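Since the structure comes first, as structure tokens, the remarks are kept for the end.
Since every read-out is calculated from the coordinates, none of them should be taken as a lab result. Bear in mind the structure is a predicted one, so any value in this text is a computation, not a measurement. Don't worry about glycine lacking a Cβ; one is built from the backbone with ideal geometry, like all the others, and counts go over all protein chains shown.
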Amino acid sequence: MVTRVVKIPGGAHYGLRDWLSQRITALVITIYSLVLVGELMWHGGMDYATWRGLFANPAFRVLSFLFLVAVYYHAWVGMRNILMDYVKPVGVRLVLQALVICTLVGYAGWAIQLLWGAH
């Protein structure tokens, strides 16, 4: 019996890491969503005062930021995989990936400003 191992030179081999990171970020997103729905049910709805009180808690701000980082990373893995699969010219793909990265980093900065900025 001949066992043949095919190696792709320069291959990225993201498969398992991408799969696992998508599952972990999805779990973080789900947990945050359940916490938020639980808060809505606990308070019988959400008005501005309740919402403001919720985000006055530093732990909830950190949890919200972790949620947003999970969303951004989840989006990055998905977009990178889509671009690697469907955009064949390397230069175009790199430009699009750079635009996605810049957008997501900008969103993270905006989230920090919203969560810990002046109130």
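Quick one: net charge of Leu99's neighbours, Cβ under 14 Å, K/R +1, D/E -1?
+2
Note the angle between two axes, namely the Cα long axis of helix 90-116 and the longest principal axis of the Cα atoms of the chain, as a number of degrees from 0 to 90, rounded to the nearest 10.
The two axes meet at around 20 degrees.
Residue separation times 0.36 nm, minus the C-alpha to C-alpha distance between Met46 and Leu16: what's the value?
That works out to 6.8 nm of additional length.
Which one of Ala26, Leu54, Leu40 has its Cα pushed farthest toward the positive end of the charge dipole of the chain, where Lys and Arg give +1 and Asp and Glu give -1 at the Cβ?
It is Ala26.
Helix 15-43: angle to the longest alpha-carbon principal axis of the chain, degrees 0 to 90, nearest 10?
With rounding to tens, the tilt is 10 degrees.
Using only the alpha carbons of the chain, what is the convex hull's orientation-averaged projected area in square nanometres?
Projected over every direction and averaged, the Cα hull of the chain covers 11.5 nm².
7 Å from Cα along Cα→Cβ at both Ile29 and Ala59: what's the point-to-point distance in nm?
The two pseudo-label positions are separated by 2.6 nm.
Between Tyr86, Tyr73, Tyr107, where does the largest GNM mean-square fluctuation fall for the chain, given springs only between Cα atoms within less than 10 Å?
Of Tyr86, Tyr73, Tyr107, the Gaussian network model singles out Tyr86 as fluctuating most.
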